[in-house]
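Written out below as structure tokens is the structure these notes cover.
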Amino acid sequence: MKLQRRIALASALLAIGLGAGHFVQNRTTKAQTLAALPEVTPSSVVPLAAGPEDVASPPSKPALPAAPALAPAAPAPIVSAEACPRQLDLMARDRAMIGLTLIAPCHPAERVVVKHGGMVVTAKTSSTGTLFLDLPGLKANAEVELAFADGTKTAAQIDLPEVAGVQRFAVQWLDQDAFQVHAFENGADYGQKGHVSAADPHRPAPGMASKGGYLTLLGDSTVDLPMLAEIYTYPMAGAAELVVEAAVTEATCGRELLGETLTSRGGAVEVAELTLAMPDCTAAGDILVLKNLVPEMTLAAK
């Protein structure tokens, strides 16, 4: 997928850039050190003979003290899995939500990639290496995988039978390729009671029954290469119309936005690419609206 290729390319460029900077810095430091060394002129030269029988021995000189033996460098400490444990726990919650708890003391304040059912978002651990998230379940046999900065991964699985009665729609994107989900329940218009968006996600309070649909916002935008998503959970009763918007800004104008849509019905997930060519920067301030994303997509002007 274009999004996956773009993520891989960005990660490779970041790694190459860091390596190149380290190489240039090492070369510069080495050159500066050599230039600072004083020029040395030999005070005496003693010719070496081809054999002991041909040349008289040079006059003896006081023996120099032997150089102290250098202790071998201590090997780098090896951190075992037992010394640096990672614990990932999942809990089934109301409305087919997944409660995620990570305890990873050797990964403090670190970027983590969270994957579930085709959804991929970034998170960040706390200063003590903990992470707490609520994820909308997309599959009945739900597996959640976490990928860390050192390339290691941790996964866990949980059964979510409640997903069988849930329908969800999600849009995910990378960095500034921003999209916004808007849901209009029971014929509502913008700003009315049934309008669900990031500005008013209608998220039900813990332990309270949901009277309509709601939006879940996922992803930490403060990390490098943030991966973000908005997931709308349909109401159990009533109708809802969904649209996806893309604002024309200085960061998005004149280029192509790449993302993905995910549709989860009864635990079956469909993933599709979302590509949108943005107008030039003279249209800054306008908003493009994608309608009928389920099952087909049409572009309309707002």
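The values are calculated or read from the model by the stated rules, or taken from the named source; none is laboratory data. Worth saying up front: this structure is predicted, and the values here are computed from it rather than measured. Note that we place each Cβ from the backbone using ideal geometry, even for glycine, and neighbour counts take in every protein chain shown. The accessibility values were calculated without ligands, DNA or RNA, using every heavy atom of the protein model including side chains. Shrake-Rupley method; radii C 1.70, N 1.55, O 1.52, S 1.80 Å.
Computed quantities for the displayed model
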read-out	value
Förster-model FRET efficiency, 30 Å R0, MET236 and ALA155, C-beta, rounded to 0.05	0.45
Percent of Cα pairs exceeding the 13 Å cut-off, where the set is region 90-168	65 percent
Calculated FRET efficiency for the pair ARG265/MET208, C-beta based, R₀ 22 Å, to 0.05	0.35
Surface per residue (accessible, 1.4 Å probe) for region 167-302, Å²	49 Å²
Full-extension gain in nm, ASP89 to SER126, via 0.36 nm per residue minus C-alpha separation	11.7 nm
Fully extended contour minus Cα-Cα distance, from ASN292 to GLU245, at 0.36 nm per residue	15.7 nm
Sparse-neighbourhood loop sites, chymotrypsin sites (Phe, Trp or Tyr not before Pro) in region 180-244 - DSSP loop, at most 13 other Cβ within 10 angstrom	TYR190
Global form of region 127-226, assessed from the alpha-carbon gyration tensor, a/c cut-off 1.5	oblate
With every protein chain in place, region 173-237: carbon and sulfur % of accessible area (1.4 Å)	53 percent
For region 238-251, Karplus couplings with θ = phi - 60° (6.51, -1.76, 1.60), whole Hz, Gly/Pro x	x, 10, 9, 9, 10, 9, 10, 10, 9, 7, 7, 10, 5, 7
Pairwise centroid distance, computed over Cα atoms, of region 216-271 with region 157-180, Å	8 Å
